[in-house]
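See structure below.
The values are calculated or read from the model by the stated rules, or taken from the named source; none is laboratory data. Note that the structure is predicted; figures quoted are calculated from it, not measured. Note: ideal-geometry Cβ built from the backbone for every residue, glycine included; neighbour counts use all protein chains shown.
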Amino acid sequence: MYQAIVNNGNVFQISQTNGTLTINDQPLNWDLAQLPGSGFHIIMNNRAHLAEMVEYREEEKTYLIKINGKILEIKLKDRYDLLLDQLGMTDLASTRVNQIKAPMPGLILDIKVAPGDSVKKGDPLLILEAMKMENVLKSPGDGHVQAIAVKKGDSVEKNQVLIQF
């Protein structure tokens, strides 16, 4: 059994029994054909739809799917995710990061944030040059920048605190 949350709103229960897919206990009557690339042609309720997989975020178990030109974000929860929800343990896997440390010695080339800035997971925080390569250090989660312990041009050592949240 799966639960699908579409665009952070509509919730659907999905299961499969004897090869038949059901959504909210209703059998899904559809015809699905894969197109070249990442597209699909779907016929459902006598209507044709074009669908394409745009992106899959494995950590979040989230799919971005384009159906007839409209992008839908679908978050899937399997039975283990649903059990963790029931037990109130949903956020145990996500750890709160209080600081960003230098992963290696290097030189701070650029700082992309300032104290007080709000950041989302994946936002670039700073650029660290190490071994003649530019490394973009990104935010591991959502948060607010409390302090920046380095400035542009600073040399840093491995595990030196760079940014505090």
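Every test in (1) in contact with an Asp or Glu (Cβ under 8 Å, 6 or more places away or on another chain); (2) assigned to a strand (DSSP E or B) is passed by residue 100 save one, and that test is (1). Taking region 109-165 as the range and being in contact with a Gly (Cβ under 8 Å, 6 or more places away or on another chain), outside any strand (DSSP E or B) and either in contact (Cβ under 8 Å) with a residue 60 or more places away in the chain or acidic (Asp, Glu) (or both) as the test, only 165 passes. Just one of the listed residues (74, 23, 14) is touching a Phe, Trp or Tyr at 6+ places or on another chain (Cβ under 6 Å) and closer than 27 Å to residue 140 by Cα, and it is 74. Of all residues in region 41-59, those being over 29 Å from the mean Cα position of the chain (by Cα) and among the aromatic types (Phe, Trp, Tyr) number 0. When 107, 128, 137 are checked against the criterion of being over 25 Å from the mean Cα position of the chain (by Cα) and modelled with pLDDT of 90 or more, 107 stands alone in meeting it.
Taken as a whole, the structure leaves residue 142 outside the set of residues that are within 23 Å of the chain's Cα centre (by Cα), surrounded by fewer than 16 Cβ atoms within 10 Å (Cβ to Cβ) and assigned by TED's automatic domain parsing to the domain that holds residue 15.
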